[in-house]
Amino acid sequence: MKVIASSLRKGNIVELDNKLYVVLNAESFHPGKGTPTTQVDMRRISDGVKVAQRYKTTEQVERAHVEDREHQFLYQDGDGFHFMNMENYDQVTLPSDIIGDQAVYLEPEMKVMLAVHENVPVSIELPQKATLEVVESEPTVIGQTASSSYKPAVLSNGVRTMVPPFVGTGTKIVVMTADGSYVERAKE
């Protein structure tokens, strides 16, 4: 299926020279003069090589036909990350290079979407938000205004993020899985 380059998003699967690539980042540039372009950073699925391509924003790109299937994360071991299809209970193992830096957010029984191309999983999409506990944070300084100053904190999965001053150690918070940024205090 052909789509214009400016419509590509992170996680899309494209086909170039009969090879599949997963889009890592897509950014459109609109200069004052000249042709608008879209810079696409991709990773070749077969061997993990990263590639950067620049397209005119209206240029046609071949998007591979992938099927999104819901799976449940089971566990991680030396072979990789194990998931189970919730419809037929088939298990699939993904190597760590497909999971990438999203691995820190995976928790047992978490529901994820796997993009499957010709019965081979090629990419994973986590839920947008995850609830984690703050295991370490700096004490609040008296006189700090809550509106503009955030303090560093370490979450239960090891990710470092910035949290408002009222969030202390032991507090459960909601973060974005894309970048680990603070969203809100978790509702118990």
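For residue 159, nonlocal amide neighbours, meaning residues 5 or more places apart or on other chains whose placed amide H falls under 5 Å from its own, do not occur. Dividing the summed -39500 (n - 2.57) terms of all DSSP H runs of n ≥ 4 by the residue count of the chain sets its mean residue ellipticity at 222 nm at -500 deg cm²/dmol. In the chain the longest region clear of trypsin sites (Lys or Arg not before Pro) that are loop-assigned by DSSP and have at most 15 other C-beta atoms within 10 Å covers 34-186. Taking all protein chains into account, the per residue accessible area for the chain stands at 60 Å² (1.4 Å probe).
The lysines within cross-link reach of residue 172, meaning a Cα-to-Cα straight distance under 21 Å and a gap of 8 or more places when in the same chain, are 111, 129, 151, 187. Comparing 23, 51, 14 in a Gaussian network model of the chain (Cα springs below 10 Å), the most mobile by mean-square fluctuation is 51. Put simply, the amide H of residue 171, placed in the peptide plane, has neighbours under 5 Å in 134, leaving out anything fewer than 5 places away on its chain. Over the chain, Cα pairs under 8 Å with separation of 6+ residues give a relative contact order of 14 percent. Structure remark: mean-square fluctuation, Gaussian network model of the chain, C-alpha springs under 10 Å; the largest value among 78, 168, 100 belongs to 78. Rounded to two decimals, the Cα-based Rg/Rh of segment 58-150, with Kirkwood Rh, is 1.17.
Taking only the Cα atoms of segment 25-182, the radius of gyration and Dmax are 19.9, 59 Å. Loop-located chymotrypsin sites (Phe, Trp or Tyr not before Pro) in segment 45-103 (DSSP state other than H, G, I, E, B) with a sparse environment of at most 14 neighbouring Cβ atoms within 10 Å: 89.
Which of 27, 118, 15 moves the most in a Gaussian network model of the chain with Cα springs under 10 Å? Sorting by GNM fluctuation, first place goes to 118. When +1 charges are put on Lys and Arg Cβ atoms and -1 charges on Asp and Glu Cβ atoms, the dipole computed for the chain relative to its Cα centre reaches about 900 debye. Roughly speaking, to the nearest percent, how much of the chain's 1.4 Å accessible area is carbon and sulfur? About 48 percent, which is the carbon plus sulfur part of the accessible surface.
The values are calculated or read from the model by the stated rules, or taken from the named source; none is laboratory data. Keep in mind that this is a model prediction, so the values were computed, not measured. Cβ coordinates were reconstructed from backbone atoms using ideal geometry, including for glycine residues, and neighbour counts include every protein chain displayed. In case anyone asks, the SASA skips ligands and DNA or RNA and just uses the protein heavy atoms, side chains included. Shrake-Rupley method; radii C 1.70, N 1.55, O 1.52, S 1.80 Å.
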